[in-house]
Amino acid sequence: MTQQQAQASYDAQDLWQKDKNHFIHPFTDFSLFHEKGCDLITNSDGIYVEDVHGNRFIDGIAGLWCVNVGHGRAEIGQAMAEQATRMAYFSTFNNLSNAPATELAAKLAELAPAHLNHVFYSCGGSTANDATIRLVHYYFNRLGKPSKKRILSRTNAYHGTTYMAASLTGIASNNWQFDTLDLVTHLSEANCYRRPEGMSKAEYCDHLVDELEQTIERLGADNIAAFIAEPIMGAGGVLVAPQGYHSRVQAICRANDILFIADEVVTGFGRLGHFFASEAVFETQPDIINVAKGLSSGYAPLGATLISDALYEVLSTPQGPGGVLSTGFTYSGHPVSCAAALKNIEIIEREGICENVLEVGPYLESQLKTLASHETVGDVRGSHFMMAIENVANKTTKELLPVDARVGDRVAAEAQKRGLIIRPVGHLNIISPPLIWTRQVVDEVVAILNDAFAATTRSLKTDGYL
Ligand code: PMP
């Protein structure tokens with residue numbers, strides 16, 4: 001910790017009580033919250049975070065898949081402070097602009113696949129996806145194809161939490177007792193671990209592609225605007241699609257005049273070893289790529305929609321007198337967020353952070369796979385710095401443990417006791433670290449996880465779940 005951080009002490013009890021009384025936490029289980037309240041994380045440094053009581057943890061989730069360059073980067077703080085004092089905010093509507101937003105748009109165009117040269121800013125991943133669907137509808141309206149409205153997404157996809165983004169999302173529990181918009185059709189997710197019995201991965205890919213073709217046939221291509229997918233499904237379970245899936249889907253979309261949108265909110269900015277995974281890893285050329293999270297490494301809220309030249313041509317065609325592109329946020333191109341993103345990208349390039357992921361990522365994968373020796377570990381999957389462990393009751397049948405066993409929570413709690421924060425999602429545990437982990441850190445983490453899984457197995461047995 002820096003000296004300044006060490007000096008800033010908090011009244012832990014007072015904060016805990018205020019939080020309990022007033023803060024409605026997102027995605028929170030109130031049965032646990034009412035009982036325990038919050039864990040206050042107050043300090044951070046590199047790969048570590050520290051709670052209000054001074055306990056230090058290895059951050060195994062990069063905040064929330066976002067602190068890609070690690071915590072406590074003074075130079076990002078400085079860039080933000082300089083921008084905030086020079087000019088914290090001014091509109092980007094109409095013909096107004098600011099220097100960091102302009103520089104960042106040009107930088108993103110340089111880093112992105114060659115045909116993506118135009119940037120529409122938002123405040124995070126949900127708003128990037130939401131704005132994208134509005135722009136896609138507007139695009140087809142302007143082309144004189146107003147019936148093209150339906151969006152194809154997938155079960156277990158996560159695209160955010162605004163009304164439209166939540167409707168794109170296909171995780172049933174996320175939308176439990178919430179409503180969604182009837183603009184989305186969900187196809188099956190690509191889940192190799194739980195693919196139909198006896199099917200090879202290649203046959204499974206054919207099966208998923210057939211489903212897409214049949215869905216287009218049923219709904220009519222004239223009614224479908226776009227297909228949206230995360231290159232690797234994240235919150236839905238870190239699901240890696242079978243080889244060739246994305247490029248085959250894109251080819252079908254193109255043949256049917258359906259736009260292909262890559263949600264790279266998690267996979268972008270180095271998590272898979274490249275600034276953008278779509279082209280470099282999955283051999284696709286999306287019409288639109290959405291980014292957030294790692295774009296600013298979470299130092300400030302920011303999202304961006306990267307738009308192809310072909311789309312931009314239509315969006316930017318003058319509408320005639322009085323016509324404007326009537327969409328955008330007060331904080332589109334926020335100068336302080338864009339200054340943070342520019343410095344963040346400079347660090348990623350200067351320190352070779354993508355190269356670190358390409359080097360350490362396969363080691364992380366191989367070491368995590370050794371955890372499969374534990375009785376409850378059914379699957380260890382993912383790629384590079386985007387990994388998940390699926391817990392099961394029975395490895396042969398892949399049967400899950402009862403929900404009330406809270407196995408993901410148990411593993412996460414055991415890891416946290418031993419100094420590591422990982423994320424529980426139902427029966428899964430997600431590991432999505434800052435991209436600066438070294439092999440030594442991986443060894444330390446895997447040793448902790450070995451103990452955490454052993455302790456979890458013991459406690460599941462004691463409680464009669466195994
Ligand atoms: N898309 C993906 C793939 C995500 O993982 C997330 C957030 N986890 C979002 C969109 C939504 O981003 P935000 O929370 O910044 O709105």
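The values are calculated or read from the model by the stated rules, or taken from the named source; none is laboratory data. Note that this is a predicted model, so its numbers are computed, not measured. Note that we place each Cβ from the backbone using ideal geometry, even for glycine, and neighbour counts take in every protein chain shown.
I need a count of the residues in the stretch 154-174 that are surrounded by 20 or more Cβ atoms within 10 Å (Cβ to Cβ), closer than 17 Å to LEU187 by Cβ and more than 11 Å from the ligand (Cβ to nearest atom).
Going through the stretch 154-174 one residue at a time, the tally reaches 4.
Check LEU111, LEU135, LEU152 and return the single one that is of a type in the set (A, V, I, L, M) and under 24 Å from HIS274 (Cβ atoms).
Values: LEU135 fails: under 24 Å from HIS274 (Cβ atoms); LEU152 fails: under 24 Å from HIS274 (Cβ atoms).
The conditions single out LEU111.
Just give me the residues in the stretch 424-443 being surrounded by fewer than 18 Cβ atoms within 10 Å (Cβ to Cβ) and either assigned to a strand (DSSP E or B) or modelled with pLDDT of 95 or more (or both), in sequence order. I'd like the intermediate steps shown before the answer.
Of all residues in the stretch 424-443, those surrounded by fewer than 18 Cβ atoms within 10 Å (Cβ to Cβ) come to 426, 438-440, 443.
Residues satisfying the conditions are THR438, ARG439, GLN440, ASP443.
Take the residues in the stretch 167-198 that are outside any loop (DSSP other than H, G, I, E, B) and under 24 Å from SER147 (Cβ atoms), then tell me which one is nearest to the chain's Cα centre (by Cα). Break it down into steps so the answer makes sense when it comes.
We begin by selecting, within the stretch 167-198, every residue outside any loop (DSSP other than H, G, I, E, B); these are 167-168, 172-175, 184-187.
Add one more test, that the residue is under 24 Å from SER147 (Cβ atoms), and what stays is 167-168, 184-187.
Numbers: SER167: 16, LEU168: 14, VAL184: 20, THR185: 21, HIS186: 19, LEU187: 20 Å.
Selected residue: LEU168.
Rundown of residues vs (1) away from the ligand (no atom under 16 Å from the Cβ); (2) out of contact with any Lys or Arg (no Cβ under 7 Å at 6 or more places or on another chain); (3) at positive phi; (4) not assigned by TED's automatic domain parsing to the domain that holds SER297, yes/no style:
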residue: TRP65; (1), (2), (3), (4): no, no, yes, yes
residue: ALA79; (1), (2), (3), (4): yes, no, no, no
residue: ALA84; (1), (2), (3), (4): yes, yes, no, no
residue: MET87; (1), (2), (3), (4): yes, yes, no, no
residue: SER91; (1), (2), (3), (4): yes, yes, no, no
residue: ASN95; (1), (2), (3), (4): yes, yes, no, no
residue: PRO100; (1), (2), (3), (4): yes, yes, no, no
residue: ALA105; (1), (2), (3), (4): yes, yes, no, no
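Could you list, in sequence order, the residues of the stretch 132-145 that are more than 15 Å from the ligand (Cβ to nearest atom) and of a type in the set (A, V, I, L, M, F, W, C)? Before you say what the answer is, go through the steps one by one.
We begin by selecting, within the stretch 132-145, every residue more than 15 Å from the ligand (Cβ to nearest atom); these are 134-145.
Of everything in the stretch 132-145, those that are more than 15 Å from the ligand (Cβ to nearest atom) and of a type in the set (A, V, I, L, M, F, W, C) turn out to be LEU135, VAL136, PHE140, LEU143.
Condition check ((1) closer than 24 Å to GLU444 by Cβ; (2) assigned by TED's automatic domain parsing to the domain that holds ILE448; (3) in contact with a strand residue (DSSP E or B) (Cβ under 9 Å, 6 or more places away or on another chain)) across all residues:
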position: PRO318; (1), (2), (3): no, no, no
position: GLY323; (1), (2), (3): no, no, no
position: PHE329; (1), (2), (3): no, no, yes
position: VAL336; (1), (2), (3): no, no, no
position: LYS343; (1), (2), (3): no, no, no
position: ALA372; (1), (2), (3): yes, yes, yes
position: GLY378; (1), (2), (3): no, yes, yes
position: LYS395; (1), (2), (3): no, yes, yes
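Of everything in the stretch 292-320 that's in a loop (DSSP other than H, G, I, E, B) and within 16 Å of the ligand (Cβ to nearest atom), which residue is surrounded by the fewest Cβ atoms within 10 Å (Cβ to Cβ)?
In the first step, residues of the stretch 292-320 are kept if they are in a loop (DSSP other than H, G, I, E, B); the result is 292, 296-302, 316-320.
From what's left, within 16 Å of the ligand (Cβ to nearest atom): 292, 296-302.
Details: ALA292: 29, SER296: 33, SER297: 30, GLY298: 23, TYR299: 23, ALA300: 23, PRO301: 18, LEU302: 31.
Out of the qualifying residues, it is PRO301.
Go over the candidates TYR363, TYR312 one by one and state the one that is aromatic (Phe, Trp, Tyr), closer than 22 Å to ASN117 by Cβ and out of contact with any Ser or Thr (no Cβ under 7 Å at 6 or more places or on another chain).
It is TYR312.
How many residues does the stretch 56-81 contain that are closer than 20 Å to GLU444 by Cα and free of Cβ contacts under 8 Å to residues at least 40 places away in the same chain?
Residues that pass the stated criteria total 0.
What is the one condition in (1) out of contact with any helix residue (DSSP H, G or I) (no Cβ under 9 Å at 6 or more places or on another chain); (2) of a type in the set (D, E, K, R); (3) under 22 Å from GLU75 (Cβ atoms) that GLU313 does not satisfy?
Among (1) out of contact with any helix residue (DSSP H, G or I) (no Cβ under 9 Å at 6 or more places or on another chain); (2) of a type in the set (D, E, K, R); (3) under 22 Å from GLU75 (Cβ atoms), the lone unmet condition for GLU313 is (3).
Does the stretch 226-246 include one or more residues that are in a helix (DSSP H, G or I) and more than 16 Å from the ligand (Cβ to nearest atom)?
yes
I'd like the residue in the stretch 378-398 that is small (Gly, Ala, Ser) and within 24 Å of the chain's Cα centre (by Cα) and, out of all such residues, is farthest from PRO434 (Cα to Cα). Give the derivation first.
Step one: of the stretch 378-398, the residues small (Gly, Ala, Ser) are 378, 382-383, 388, 393.
Then drop every residue that is not within 24 Å of the chain's Cα centre (by Cα), which leaves 378, 382-383, 388.
Numbers: GLY378: 25, GLY382: 15, SER383: 14, ALA388: 15 Å.
Per the stated criteria, the residue is GLY378.
Inside the stretch 366-397, can you point out the residues that are farther than 19 Å from ALA412 by Cβ and part of a strand (DSSP E or B)?
Across the stretch 366-397, the qualifying residue is only SER383.
Return the total of residues in the stretch 95-123 being within 12 Å of SER332 (Cβ to Cβ) and in a loop (DSSP other than H, G, I, E, B).
Going through the stretch 95-123 one residue at a time, the tally reaches 4.
From ASN129, ASN223, grab the single residue that is within 13 Å of the ligand (Cβ to nearest atom), polar (S, T, N, Q) and surrounded by 13 or more Cβ atoms within 10 Å (Cβ to Cβ).
Working: ASN223 fails: within 13 Å of the ligand (Cβ to nearest atom).
Result of the check over ASN129, ASN223: ASN129.
What single numbered condition from (1) closer than 30 Å to PRO242 by Cα; (2) within 16 Å of the ligand (Cβ to nearest atom) fails to hold for TYR121?
Answer for TYR121: the failing condition is (1).
Is it the case, given these coordinates, that ARG194 is within 16 Å of the ligand (Cβ to nearest atom) and among the basic types (Lys, Arg)?
On the way: within 16 Å of the ligand (Cβ to nearest atom): no; among the basic types (Lys, Arg): yes.
No: the conditions fail for ARG194.
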